[in-house]
Each structure stands twice: as structure tokens, then as C-alpha cells.
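Report on the structure given below.
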Amino acid sequence: MFGHARTSYVCLPCQASYKQAYPTPFNDQERRCPRCADPLIHVGSAFAPPPKRDSEGWRVLSVLLNADIRFHKSCCGGPGYRPRTLREVKERLAYAEATGEPIATALVRRELP
């Protein structure tokens, strides 16, 4: 990977996002938040953080990251659909529970049947 290539990491407790170099075999150490020293979560290069004061946006992000959903670029340009509101998250979680579909799969569904 090129030296200038950067990707995003977040600290959920601080509601902060940081651009850092991609992990490589030479710099794959755990990244730590400069504010609280908690481990940073690698979220991907196609990530756009919610505003710091958008507590609902950060709650939605927390649900996505805890379901192991990230924001990596795909062959088509972006990471695909990601819910932005708690209402969208709740609808998809209810769908997953009703159908038995894995939560991570239901959360990235653009449309619910």
C-alpha cells in the first residue's frame, strides 16, 4: 500500500474519528485513542463520521460496529447501504428476529421485503 493511503478509525466513547495509515505488517500494532487511550476500531476508508453532537448517529454507528459492519470501499465505489437512523436500525433488527436472518445481513439491507 502507498505511504499516503489513509483509512478511518473511531473511538466510540469519545465519539471521535481519526484518519491513519492503513495497517501493514510493519505497523499493525493496536491503535489507541489519543484522548482516552481505549483501542480504536478500524472502520474503513469509505467512512464519514456523524457530527460529534449527533448522539443518535453515534448510537447507530455503535450498533453497526458491534455487528462487525465496516465501511470499506467495494468494486462499485462505496461500502453499500448502511442505516442512518435508529428507526432504520430497529426495523432491520425486528426483521432479523422475525425471519432468522443474521443481524449483520439485515442491517445492510437497503429495502425490507
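The values are calculated or read from the model by the stated rules, or taken from the named source; none is laboratory data. Quantities reported herein were computed from a predicted structural model and do not represent experimental measurements. Here the Cβ positions follow ideal geometry from the backbone for every residue, glycine too, while neighbour counts run over all protein chains shown. Heads up: the accessible areas ignore ligands, DNA and RNA and are worked out on the full protein's heavy atoms, side chains in. Shrake-Rupley method; radii C 1.70, N 1.55, O 1.52, S 1.80 Å.
Scanning segment 56-74 for residues that are of a type outside the set (A, V, I, L, M, F, W, C) and in contact (Cβ under 8 Å) with a residue 40 or more places away in the chain turns up just one, Ser62.
Within segment 7-32, being at pLDDT below 95 and part of a loop (DSSP other than H, G, I, E, B) holds for Tyr22, Pro23, Thr24, Pro25, Phe26, Asn27, Asp28, Gln29, Glu30, Arg31.
Restricting attention to segment 18-66, the residues that are farther than 30 Å from Glu91 by Cβ and in contact with a Pro (Cβ under 9 Å, 6 or more places away or on another chain) add up to 9.
Residue pairs whose Cβ atoms lie under 6 Å apart, separated by 6 or more positions or on different chains, with the first residue in segment 82-99 and open to solvent by less than 60 Å² (accessible area, probe 1.4 Å) and the second assigned to a loop (DSSP other than H, G, I, E, B), are Val89/Pro83; Tyr95/Leu112.
Among the residues of segment 69-93, those identified as at pLDDT 95 or above and among the charged types (D, E, K, R) are Arg87, Glu88, Lys90, Glu91, Arg92. Restrict the check to segment 39-49 and report whether at least one residue is under 13 Å from Leu107 (Cα atoms), touching a strand residue (DSSP E or B) at 6+ places or on another chain (Cβ under 6 Å) and modelled with pLDDT under 95. No. Identify the residue in segment 31-60 that is out of contact with any Lys or Arg (no Cβ under 9 Å at 6 or more places or on another chain) and open to solvent by less than 50 Å² (accessible area, probe 1.4 Å) and, among all such residues, is farthest from Thr7 (Cα to Cα). Per the stated criteria, the residue is Cys33.
Taking residues in segment 4-19 that are in contact (Cβ under 8 Å) with a residue 60 or more places away in the chain, and partners anywhere that are of a type in the set (Ser, Thr, Tyr), the pairs with Cβ atoms closer than 9 Å and at least 6 places apart or on different chains are Ser8/Ser17; Ser8/Tyr18; Ser8/Ser45.
Scanning segment 100-113 for residues that are of a type outside the set (Ser, Thr, Tyr) and closer than 15 Å to Leu64 by Cβ, which turns out most open to solvent (accessible area, probe 1.4 Å)?
In the first step, residues of segment 100-113 are kept if they are of a type outside the set (Ser, Thr, Tyr); the result is 100-104, 106-113.
From what is left, the residues that are closer than 15 Å to Leu64 by Cβ are 102-104, 106-110.
On the way: Pro102: 80, Ile103: 90, Ala104: 39, Ala106: 0, Leu107: 0, Val108: 52, Arg109: 73, Arg110: 153 Å².
Per the stated criteria, the residue is Arg110.
Give segment 60-113 a look and list any residue that's small (Gly, Ala, Ser) and within 17 Å of the chain's Cα centre (by Cα), or say none.
If we filter segment 60-113 for residues that are small (Gly, Ala, Ser), which is where we start, we get 62, 67, 74, 77-78, 80, 94, 96, 98, 100, 104, 106.
Hits for segment 60-113 are Ser62, Ala67, Ser74, Gly77, Gly78, Gly80, Ala104, Ala106.
Of the residues making up segment 61-75, those that are farther than 14 Å from Cys11 by Cα and either open to solvent by 70 Å² or more (accessible area, probe 1.4 Å) or among the small types (Gly, Ala, Ser) (or both) are Ala67, Asp68, His72, Lys73, Ser74, Cys75.
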